[in-house]
Amino acid sequence: MAPPANRVPELMADLLEWLAMTTEHPLIAGCVFHYEIEFIHPFADGNGRMGRLWQTLILRDWKPLLVYLPVETVIREHQDSYYQALAAADEQADATPFIAFMLSELLAAIRQATATDQVTDQVTDQVAVLIRRIGNGELSSSDLMQTLGLAHRPTFRENYLNPALAGDWIERTEPDSPRSPKQRYRLTAKGRDWLQWHADQ
């Protein structure tokens, strides 16, 4: 049974304090917070959605790209198992069954997201190097060739620059004047996300 309504403010304050102080890994902390929201049941409706939202926020603070995981979709497809895991945790007075379930669902969501993106978002080794060399800066094609140690411009364009532009990993600073002498290249939002994701690995 959920705790009585007059205990909800105190329990939520304790839970938020725990989240601010915990040294648990964010994957575990997110699952625990999610479970405790469900158990405290602070709202008349929507506690599951709020628990999943909080878990997503905790994951996002750890690795920003995780905010895009389709966790809601994966759980919706396994809703019975979700409620069974909650019930098992309640029965044991231990969040472990729910944590194990949620970790498996997060892994499934990551695999689903990877499978969705693997065709359109494949990065060749050359494009990966180019993304890393640009980083948070803006470089001309000559600067890029120099930092890559390349002297043959057609090779640079065919294997590095054009695939990066076509894949929307980089963009021109002067998109309306491709041949402008002031032309530089920088990462798109997609390129920055890729760089951050791989920097965190």
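Each value in this text was obtained by applying a stated rule to the coordinates, not by laboratory testing. Here the structure is a predicted model, which means the values were calculated and not measured. Cβ atoms come from the backbone with ideal geometry, glycine included; neighbour counts cover every protein chain shown.
Springs between Cα atoms under 10 Å define the GNM used for the chain, and in it the highest mean-square fluctuation of HIS41, HIS152, HIS78 occurs at HIS152. Count neighbours as other Cβ atoms within 10 Å of each site's Cβ, and list the chymotrypsin sites (Phe, Trp or Tyr not before Pro) in the range 43-85 that are DSSP loop with at most 15 such neighbours. Answer in residue order: PHE43. Helix 26-40 axis versus longest C-alpha principal axis of the chain: approximately 40°, rounded to the nearest ten.
For the range 125-195, relative contact order (Cα pairs under 8 Å, six or more residues apart, normalised by length) works out to 40 percent.
Within the chain, the longest run free of trypsin sites (Lys or Arg not before Pro) that sit in a DSSP loop with at most 11 other Cβ atoms within 10 Å is 1-178. For the chain, the longest principal axis of the Cα atoms and the long axis of helix 47-62 meet at an angle of about 40 degrees. The magnitude of the dipole of the chain, with charges of +1 and -1 set on the Cβ of Lys/Arg and Asp/Glu and taken from the Cα centre, is near 1300 debye.
Pairs of C-alpha atoms in the chain farther apart than 24 Å represent 54 percent of all such pairs. With the helix formula -39500 (n - 2.57) applied to DSSP H stretches of n ≥ 4, the chain reaches a computed 222 nm mean residue ellipticity of -19000 deg cm²/dmol.
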